[in-house]
Every structure is written in C-alpha cells, then in structure tokens.
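The values are calculated or read from the model by the stated rules, or taken from the named source; none is laboratory data. Please read these numbers as outputs of a predicted model, since none were measured by experiment. All accessible areas refer to the heavy atoms of the entire protein, side chains included, with ligands and DNA or RNA removed. Shrake-Rupley method; radii C 1.70, N 1.55, O 1.52, S 1.80 Å.
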Amino acid sequence: MINVVYRNYTTIKASSYRLNQFVFVGCYLVIVSAVFYTLSETIKLHSSTQTGLCNFILWTANMGLTLILATVCLKTWRLYYIFKKKDVMTLNKTLIKDKTLAGFILLLFLVDIFIGVIWSVNDPLKAKENTFLENTGVIAME
C-alpha cells in the first residue's frame, strides 16, 4: 500500500512501483509456501492431505520465485539497455515501458505454470510414510 500511495515520490518512481507489485505477490507466495511447509512438517496429516500439501508448496514456491526473479532480472535488463545506448534517439522506448516488461513477466509466469501442469500430470509428488526403528541399545559384534 505504501508503494502505491507514495508512487509519485522520486525514490518509488525510480524503482517502478508497478513492477514492484509482482515482487510483492512473489514474496507472499514464497511466505505462504514456507508456512505450509512448516505446518506439513510439524503436524501429522493423512497421506492424501500431505500429498496435496506437497504439491501446493511446490507450486507456490516456484511461482513466487519466478515472479521475484523475473522482475529483478527485467528491471536490471532495462537499466543495462538504457545505459548501453549512447544515443537517446535510438532508444526503443516501448521495450523499456512497464507494460512491456509486465508482459514478459507474465509470459515467464505462464511458462512456469505450463511446466508445473506437465510435471503434476506426469509425475506428481506423493507423500510416503517413513518409519524409523528406535535404538534398542544392543551392540552386535561380529
């Protein structure tokens, strides 16, 4: 909210408040993924619930990281593109607009969803129960 409210300040304007929204959503997805992972490891759940939770954690973590890294990489590329050009007149301004970069971010996000769907259909994660034997204190000698 602060990012949108103070969008006319030069510090916020320089960091592109529109593209920062993708980073915020990505951070929220990663946080949700971490919380659900913690819950899945601390609470004993039914195996079907655990399987669904594992797939949910995978999806949210991957999508969140895609949004964060795609935004950071494209904002860095925009700075590189602007400073690489020596002549301002040859600068393609449509390439560096927020709408164009948002389109690239959404394209990468769709690629991530496509790969996730293929993975989930062909080889979904499945929870399996691990059993551990307790140490009985007997030492076997050979």
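Here are the numbers:
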item	result
Residues with amide H under 5 Å from that of K85, placed H, sequence gap 5 or more	none
Heavy atoms of D112 accessible to a 1.4 Å probe, total area in Å² rounded to 10	30
Cut-off under 5 Å, modelled amide H: who pairs with L125 long-range	none
